[in-house]
Amino acid sequence: MAGADTAQQRRKLTNAEFSALAHLYRGEIYRSTVWRTRLDTTTNWAVVTLGVALSITFSSPNASPLPLVLVGILILFFLMLEARRYRYFNVWRARARWLEKHLFAPMLKDGNLHLEDGWQKVLAEDYWYPHHHISFMTAVGRRMRRNYLWLLLIQTVSYIGKLIVHPVPLATLDQFWRRADVGPIPGEIVTAAGVIYLGAWLGIALWSEWNDRIRFGRAPSASGMG
C-alpha cells in the first residue's frame, strides 16, 4: 500500500530523469531513422528491378514479355524483406511516438505529465520485454498498400500493354491469349493466375487498412505502441 501511495503522490520527474528521457528519445529517433532508410533501400531495389524488366521487355517489338512476369517474384521477395524490416522500424517508431504523446505534448501544453495514468509503465515494460508490436502479415499489408501495390499495378499494366501493341497491334482476342502463352502453359491460365495474384495482394492491402482502422481508428503512424 505504501508503494501505491508513493506512486499516486508522484506527479513530477526530476531534472536528471528529464535529461535521461531526452537522450532516450534522441536514441529512438535515430534508430527509427536508420531503419526507415533501410525501408527506402528495399523499395529502391524493387523500383530498379521493375525498371530493368520494363527496359528489356520494351527494347524491341519482338522482345518477350516474360521478364515482366518473372520480375514479380523479385518484387515479392523485396516486399517480404521490407516487411521484416518494417516490424523492427515500428518498434522504434512506436517508442518515440509514445514519448511524444505522453511526455513532450503534455509538457508543452500544461506541464502535467499525468504519471498516474501509467504510460511510463507501458514504456518500461516494452524495454524490459522487447517484442514486435505488429504481426508479419500486418507489416506486409502496410508496405503493400503504401508502395508495392503501385509497383504491381505498373507491372500489370505494362504487361497487358506489351501484349496489346507488340509485335504488332492486337487484332483479335485469340492473339492476346497466344501472346500470353508461357511455354506449354496456355495464355488463359497465365492471365487467370495473374488476376488471382494481383487480387490476392489487393485483398491483403485492403485487409491491412481495415485492421489498422479497427485497432487505431485512424492511421497507425498517429497511434501509440502499435
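State whether the residues of region 1-18 include one that is open to solvent by less than 80 Å² (accessible area, probe 1.4 Å), among the polar types (S, T, N, Q) and modelled with pLDDT of 90 or more.
no
Scan 99, 103 and give me the residue that is closer than 28 Å to residue 26 by Cα, of a type outside the set (Ser, Thr, Tyr) and either in contact with a strand residue (DSSP E or B) (Cβ under 8 Å, 6 or more places away or on another chain) or modelled with pLDDT under 90 (or both). So that I can check it myself, show each step before the final result.
Details: 99 fails: either in contact with a strand residue (DSSP E or B) (Cβ under 8 Å, 6 or more places away or on another chain) or modelled with pLDDT under 90 (or both).
103 is the lone residue from the list that is closer than 28 Å to residue 26 by Cα, of a type outside the set (Ser, Thr, Tyr) and either in contact with a strand residue (DSSP E or B) (Cβ under 8 Å, 6 or more places away or on another chain) or modelled with pLDDT under 90 (or both).
Can you pull out the helices (runs of 4 or more DSSP H) entirely within region 75-173 that have at least 3 residues that are farther than 27 Å from residue 47 by Cβ? It would help to see each step written out before you state the result.
Working: elements: 105-109, 119-128, 136-143, 149-165.
Where helices (runs of 4 or more DSSP H) fall fully within region 75-173 and carry at least 3 residues being farther than 27 Å from residue 47 by Cβ, they are 105-109, 119-128.
Does any residue of region 74-92 turn out to be β-branched (Val, Ile, Thr), closer than 30 Å to residue 158 by Cβ and open to solvent by 40 Å² or more (accessible area, probe 1.4 Å)?
At the first step, the residues of region 74-92 found to be β-branched (Val, Ile, Thr) are 75, 91.
Going one step further and asking which of them are closer than 30 Å to residue 158 by Cβ, we end up with 75.
The next check asks that each one be open to solvent by 40 Å² or more (accessible area, probe 1.4 Å); those that pass are none.
No, because not a single residue in region 74-92 is β-branched (Val, Ile, Thr), closer than 30 Å to residue 158 by Cβ and open to solvent by 40 Å² or more (accessible area, probe 1.4 Å).
If you go through region 176-213 one residue at a time, how many are open to solvent by 80 Å² or more (accessible area, probe 1.4 Å) and within 17 Å of residue 70 (Cα to Cα)?
Looking only at that region, the number is 4.
Within region 140-161, how many residues turn out to be open to solvent by 20 Å² or more (accessible area, probe 1.4 Å) and among the basic types (Lys, Arg)?
2
The values are calculated or read from the model by the stated rules, or taken from the named source; none is laboratory data. Remember, it's a predicted structure, so these values are computed and weren't measured experimentally. Here the Cβ is made from the backbone with ideal geometry for all residues, glycine too, and neighbour counts use every protein chain on show. Ligands, DNA and RNA are excluded from the accessible area calculation, which covers all protein heavy atoms including side chains. Shrake-Rupley method; radii C 1.70, N 1.55, O 1.52, S 1.80 Å.
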